[in-house]
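Q: Attaching a single structure in structure tokens format; questions to follow.
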Amino acid sequence: MERLDKILSATGKWSRREVKELLRQGRVTVDGSRPTGPEMKIDPEQCEILVDGASAGYEAYTYLMLHKPAGVLSAVEDRKQKTVLDLLPRELQRRGLFPVGRLDKDTEGLLLLTNDGDLAHRLLSPRHHVDKVYYARVDGRLEAEDCRAFAAGITLADGLVCLPARLEILSDCEALVTVQEGKFHQVKRMLAQRGKPVLYLKRLAMGPLRLDDDLPPGAFRRLTDSERQQLRAMEKTI
């Protein structure tokens, strides 16, 4: 049970002050009746909440797939630089969304935005072994020995030991990299350790989610029912 004003403001469509005005003007109904006040507690999953006769659009959690472009920070806010939340309309910015994990500023690709903290924790925890797949183009010639080094677990220059990962060579200078961690600049540092610095990096997948080929850089969409079901199924196994 939650306060009605909190539920309405959580949709991102109205501020708390605007919600109070909607209620004062009698423009809100709950199951066909006028609410007793902003402090009225209801179950938003069980009650029909209408504003001016239309659904308020409440949802407990929001899940967005974003094709992060280069040059944008994977952060909620920054005083000087553009963040991934700046790519969203105001209504969605108000929903308390955050990126699940980070992509470097110059890295492109799949980024999940949500306000579901439990899901984010499961996706990011190394002990849950959630695969993250990247396409990498490097300066240098990739060889079978690089694949064996990734599979064994690379030790970086600062002594950090990475979990075993997969390197699938696509061409002399292109590969798919699959890791189950998210350490700072990890994929770039692993390839640099092999003497093959990254020229371009793009995340293609995270767990069951695959970047939509029809989603251009900077664009986003809500997850489909099928994608949400895959995430829920994954949560039961990790």
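Q: Kindly provide the set of residues from the range 211-228 that are over 18 Å from Gly71 (Cβ atoms) and either of a type in the set (S, T, N, Q) or in contact with an Asp or Glu (Cβ under 9 Å, 6 or more places away or on another chain) (or both), ordered by number.
A: Once the filter is applied, which keeps residues that are over 18 Å from Gly71 (Cβ atoms) and either of a type in the set (S, T, N, Q) or in contact with an Asp or Glu (Cβ under 9 Å, 6 or more places away or on another chain) (or both), the range 211-228 yields Arg221, Thr224, Ser226.
Q: Counting just the residues of the range 171-181 that are more than 27 Å from the chain's Cα centre (by Cα) and not small (Gly, Ala, Ser), which one comes out surrounded by the fewest Cβ atoms within 10 Å (Cβ to Cβ)?
A: The initial filter retains those residues of the range 171-181 that are more than 27 Å from the chain's Cα centre (by Cα), namely 171-173.
With the extra rule that they be not small (Gly, Ala, Ser), the set shrinks to 172-173.
Values: Asp172: 11, Cys173: 16.
Going through the qualifying residues, I end up with Asp172.
Q: So which of Thr107, Thr83 ends up being polar (S, T, N, Q) and buried (at least 21 other Cβ atoms within 10 Å of the Cβ)? First the steps, then the outcome.
A: Working: Thr83 fails: buried (at least 21 other Cβ atoms within 10 Å of the Cβ).
On inspection, the qualifying residue turns out to be Thr107.
Q: In the range 63-96, what residues are among the aliphatic types (A, V, I, L, M), modelled with pLDDT of 95 or more and not in a strand (DSSP E or B)?
A: Ala70, Val72, Val84, Leu85, Leu87, Leu88, listed by residue number.
Q: Same structure, new question: What about Arg27, is it among the charged types (D, E, K, R), out of contact with any Ser or Thr (no Cβ under 7 Å at 6 or more places or on another chain), loosely packed, with under 14 Cβ neighbours inside 10 Å and under 20 Å from Glu181 (Cβ atoms)?
A: Judged against the criteria, Arg27 is not a match.
Q: Restricting to the range 56-105, and then to whatever is of a type in the set (Asp, Glu) and under 18 Å from Gly117 (Cα atoms), can you tell me which residue is nearest to the chain's Cα centre (by Cα)? Walk me through how you get there before you give the answer.
A: Filtering the range 56-105 for residues of a type in the set (Asp, Glu) gives 59, 77-78, 86, 91, 104.
Cutting the leftovers down to under 18 Å from Gly117 (Cα atoms) gives us 59, 77.
Numbers: Glu59: 17, Glu77: 15 Å.
Across the range 56-105, the extreme among qualifying residues is Glu77.
Q: Then there is this: Somewhere in the range 6-18, is a residue modelled with pLDDT under 90, more than 21 Å from Pro89 (Cβ to Cβ), not acidic (Asp, Glu) and not in a helix (DSSP H, G or I)?
A: no
Q: Tally time: how many residues in the range 28-65 are farther than 29 Å from Tyr135 by Cα and in contact with a Phe, Trp or Tyr (Cβ under 7 Å, 6 or more places away or on another chain)? Please lay out each step first, then the result.
A: First, the residues of the range 28-65 that are farther than 29 Å from Tyr135 by Cα: 28-61.
Applying the additional criterion that residues be in contact with a Phe, Trp or Tyr (Cβ under 7 Å, 6 or more places away or on another chain) yields 44, 49.
Number of matching residues: 2.
Q: Out of the range 120-163, which residues are touching a strand residue (DSSP E or B) at 6+ places or on another chain (Cβ under 6 Å), surrounded by 12 or more Cβ atoms within 10 Å (Cβ to Cβ) and outside any loop (DSSP other than H, G, I, E, B)?
A: Scanning the range 120-163 gives Lys132, Val133, Tyr134, Tyr135, Ala136, Arg137, Val138, Asp146, Cys147, Phe150, Thr155.
Q: Step by step: first the residues of the range 182-206, then only those that are in a loop (DSSP other than H, G, I, E, B) and in contact with a strand residue (DSSP E or B) (Cβ under 8 Å, 6 or more places away or on another chain), then the one that is surrounded by the most Cβ atoms within 10 Å (Cβ to Cβ). Which residue is that? Steps first, please.
A: Of all residues in the range 182-206, those in a loop (DSSP other than H, G, I, E, B) come to 182-185, 194-197.
From the residues that got through so far, the ones that are in contact with a strand residue (DSSP E or B) (Cβ under 8 Å, 6 or more places away or on another chain) too are 182, 196-197.
Values: Gly182: 18, Lys196: 21, Pro197: 13.
It comes out as Lys196.
Q: Separate question: Have a look at Lys105, Lys68 and point out the one that is in contact (Cβ under 8 Å) with a residue 60 or more places away in the chain and under 26 Å from Val130 (Cα atoms). Step through it out loud before you land on a result.
A: Details: Lys105 fails: in contact (Cβ under 8 Å) with a residue 60 or more places away in the chain.
Answer to the check: Lys68.
Q: Tell me whether the range 40-62 contains one or more residues that are out of contact with any Ser or Thr (no Cβ under 9 Å at 6 or more places or on another chain), of a type outside the set (A, V, I, L, M) and under 20 Å from Arg203 (Cα atoms).
A: In the first step, residues of the range 40-62 are kept if they are out of contact with any Ser or Thr (no Cβ under 9 Å at 6 or more places or on another chain); the result is 40-47, 52, 54-55, 60.
With the extra rule that they be of a type outside the set (A, V, I, L, M), the set shrinks to 41, 43-47, 52, 55.
Then drop every residue that is not under 20 Å from Arg203 (Cα atoms), which leaves none.
Within the range 40-62 (the criterion being out of contact with any Ser or Thr (no Cβ under 9 Å at 6 or more places or on another chain), of a type outside the set (A, V, I, L, M) and under 20 Å from Arg203 (Cα atoms)), the answer is no, since none of the residues qualifies.
Q: Which residues, taken from the range 207-235, are assigned to a helix (DSSP H, G or I) and in contact (Cβ under 8 Å) with a residue 24 or more places away in the chain?
A: Kept after step one, since they are assigned to a helix (DSSP H, G or I), are these residues of the range 207-235: 225-235.
If the condition is that a residue be assigned to a helix (DSSP H, G or I) and in contact (Cβ under 8 Å) with a residue 24 or more places away in the chain, then Glu227, Arg228, Leu231, Ala233, Met234, Glu235 are the ones that fit.
The values are calculated or read from the model by the stated rules, or taken from the named source; none is laboratory data. Since the structure is predicted, the reported quantities are computational estimates derived from the model, not experimental observations. Cβ coordinates were reconstructed from backbone atoms using ideal geometry, including for glycine residues, and neighbour counts include every protein chain displayed.
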